[in-house]
Amino acid sequence: MEEDEDAELRNPFPSPPSHYKNYTSRNLELLGLLKSRSELSAEEKDQQTILSDQSDVPDWPLVDLEKPRVDWIIEEGSYTVYGDTWFVKENVPSLGELGGRQLYPADPTVDRRPALVSILRTLLATFSSLLSSVLAPPPTATSNDPPDWQRHIEWMTVMGQNIMSAANDLRPVQARDNLESLMKRQLELRRQETQNIHLKCNALETRLAELKSAASHPPVDRSPDSANYLNQKNSKPEDEHASLADMHAWAEQV
């Protein structure tokens with residue numbers, strides 16, 4: 001039964017708690033009556049005695065229906081929901097607070113680089129010692145001492161935990177740096193796009209000015225295929241013919 005309850009509590013979508021059915025109007029009325037009578041009476045009595053004149057008094061404590069005390073939650077600093085403990089203030093525990101062996105300064109204002117470099121060198125030296133211990137002959141059957149390789153692996157585990165914990169402490173700094181880089185990149189892209197728009201607008205304005213100037217001063221086309229040249233060519237015989245007729249008329253008059 002307890003295993004089923006634990007599995008239900010850790011379910012990503014757990015069912016409502018079984019005691020939600022106790023929050024009936026009648027039970028809430030009995031709870032209010034119990035609290036009022038308890039304040040008037042100085043003697044400590046159970047709810048069955050205090051509510052002896054009432055019917056349908058449950059066997060389980062009515063005080064379980066009271067709302068959670070927020071001041072108690074704030075004082076304790078944590079609360080439990082669906083089997084998991086949640087802290088009121090989000091605080092990432094350090095390696096030492098989690099029960100590990102912390103080899104770098106816990107104060108984030110202190111420079112951790114010297115300690116981390118020392119941890120890395122120790123890790124490399126321990127790895128070299130591990131290779132030597134692996135190549136060493138096995139201990140005798142009567143020896144009760146743990147092998148050297150086991151001690152080296154435990155020490156390397158401690159080194160790895162410290163490096164991982166120190167790297168995780170830098171996650172907020174990394175997130176801020178990535179966000180700053182992303183915003184700078186977006187700003188550069190917007191400036192480049194704005195510059196390209198301005199260049200395109202300038203090119204369009206220049207082209208429109210050229211078209212406007214060409215429309216106000218059309219060029220004279222003197223090519224043989226043009227309509228003006230054909231009109232001029234067709235008008236020449238008419239002018240020549242008119243001048244000959246005038247000359248004949250003048251000759252007859254003379």
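Only the coordinates and a few stated rules stand behind these numbers; no lab work does. What you are looking at is a predicted structure, and each value in this text was computed from that prediction instead of being measured. Cβ coordinates were reconstructed from backbone atoms using ideal geometry, including for glycine residues, and neighbour counts include every protein chain displayed.
Distance between the 7 Å Cα→Cβ label points at Leu208 and Arg190: 2.6 nm.
Kirkwood hydrodynamic radius, region 36-160, all distinct C-alpha pairs: what's the number in Å?
Details: mean 1/r = 0.0465 Å⁻¹.
By the Kirkwood definition, the hydrodynamic radius is 21.5 Å.
Plugging the Kirkwood radius over Cα pairs into Stokes-Einstein for region 89-196, at a temperature of 37 °C and a viscosity of 0.692 mPa s, what D comes out in µm²/s?
Roughly 186 µm²/s, to the nearest whole number.
Compute and list, largest first, the equivalent-ellipsoid semi-axes of region 142-192 from the alpha carbon gyration tensor, each √(5λ) rounded to a whole angstrom.
On the way: eigenvalues 481, 15, 3 Å².
Gyration-tensor ellipsoid for region 142-192: 49, 9, 4 Å.
Plainly put, region 44-95 has a radius of gyration that is 1.23 times its Kirkwood radius, both from alpha-carbon atoms, as the Rg/Rh ratio.
Can you give the local net charge around Ser165? Use residues other than it whose beta-carbon is closer than 12 angstrom to its beta-carbon, Lys and Arg +1, Asp and Glu -1.
Details: positive: Arg101, Arg112, Arg171; negative: Glu97, Asp169.
Local charge sum for Ser165: +1.
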